[in-house]
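Before any comments, here is the structure.
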Amino acid sequence: QAKNEGGNTYHFFIKTMHDAVKQRRQRETELKLTLQEQQFTVYYQPRHFCNKEGICGVEALVRWQHPKEGLLLPNQFLEIASRSGLLPAIDEFVMMTACVQAKAWLDKGLRFGRIAVNVSPTEIAHPNFVSRVLDVLSSSGLPPTYLELEITERAILTNSDLAIANLLELRKEGVIIAIDDFGTDYSSLKRLIDCPIDVIKIDQYFVSNMEDGKSVAVIKAIIAMAKSIDLEIVAEGIELHMQMVELHRMGCDVMQGFYLAKPMPPEEMFAHIRLNTPEG
Ligand code: C2E
Ligand code: MG
Ligand code: MG
Ligand code: MG
């Protein structure tokens, strides 16, 4: 009986593995087609000053408009994309789309602050990274000071020499560098503060756990450190009015989160910016 069960488990395991591999292959094939057929789209989420008026930034977030499954979120496909080498192409698509969009908003007189784009860790250390970003800027016509790159701590702690050299070069051109998900991943604070960065985004984990004194202590420490070396601070994942009030009291002025606005397609973002800028 036991042996029989073991055998079934084994076959079940093999079948599960097989299905998983098959599903992964299918996703990969789908992803490649998707790049060609342009099923990827970009959603935008604003950053607001804590008074809830005034937008000081917009983050571009990739979405996959799947023909059968509907709108897919990054955590449903970025890992597979990364393992199959498609992430650079996706990132480049998002950066180009976002920069073209931002330039169009600028031309219409909309003031949205900056456009922020997520860049995957492996990209930043790539020898061609600088020229690819500059190409996107020149072909979209967006001035470099309107572009912010959101990178993670990991991106500058691994491969750091090349990554830092690239970031320095882009920063010289006027591009803004932000550290995303700050506080969740760092191994060397010293290395980090030596890096060419302008903005720190406090991870939503701390924001969503603010009833815990330890999270509040971490937030206060991040804000104090960021201020002492003149970095801008953005808090992510604001879902409640109270979180905004508390963060403001602690010295953070810029907020991003569902409480202010969810990520939305470009037409909606256009209307949202217009509504939230004094002389739009
Ligand atoms: P992220 O860069 O930290 O972006 C913030 C994520 O939190 C977004 O999820 C956003 O929709 C979500 N969010 C914003 N406000 C709230 C809130 O109040 N509550 C909650 N629960 N969530 C909130 P999304 O769009 O699913 O993206 C997830 C992650 O995928 C991003 O995290 C980023 O790391 C990555 N990602 C997104 N687009 C790209 C891209 O074009 N390229 C690369 N390499 N990564 C991307
Ligand atoms: Mg981000
Ligand atoms: Mg984040
Ligand atoms: Mg995140």
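Each value in this text was obtained by applying a stated rule to the coordinates, not by laboratory testing. All values derive from a computational prediction rather than experimental measurement. In this analysis, Cβ positions are derived from the backbone assuming ideal geometry, glycine residues included, and neighbour counts consider all displayed protein chains.
Some observations on this one:
- GNM top mover of S139, S160, S208 - the chain, alpha-carbon springs below 10 Å: S139
- The alpha-carbon of K108 sits under 18 angstrom from the alpha-carbons of these aspartates and glutamates, leaving out residues fewer than 8 places away in its chain: E267, E268, E279.
- Helix 129-140 and the long axis of the chain differ in direction by around 60°, with both axes built from C-alpha atoms.
- Sequence of L247, L162 once ranked by neighbouring C-beta atoms within 10 Å, starting from the fewest: L162, L247
- In this structure, the amide hydrogen of T152, modeled 1.01 Å from its nitrogen in the peptide plane, lies closer than 5 angstrom to those of D180, counting only residues at least 5 positions away or on a different chain.
- Using alpha-carbon coordinates, inclination of helix 87-107 to the longest axis of the chain, degrees: 30
- Placing +1 on the Cβ of every Lys and Arg and -1 on the Cβ of every Asp and Glu, with nothing else charged, gives region 85-157 a dipole about its Cα centre of roughly 260 debye.
- Here K214 is the anchor, and the aspartates and glutamates within straight C-alpha reach of less than 16 Å, apart from those fewer than 8 places off in the same chain, are D203, E246.
- Among beta bridges from DSSP that stay inside the chain, the antiparallel ones total about 40%.
- Averaging the Cα positions of each part gives two centres, and for region 133-185 and region 56-102 these lie 18 Å apart.
- Fluctuation leader among E53, E92, E148 - the chain, Gaussian network, Cα springs under 10 angstrom: E53
- Here the Gaussian network model covers the chain, with springs between Cα atoms less than 10 Å apart; of D253, D107, D198, D107 fluctuates the most.
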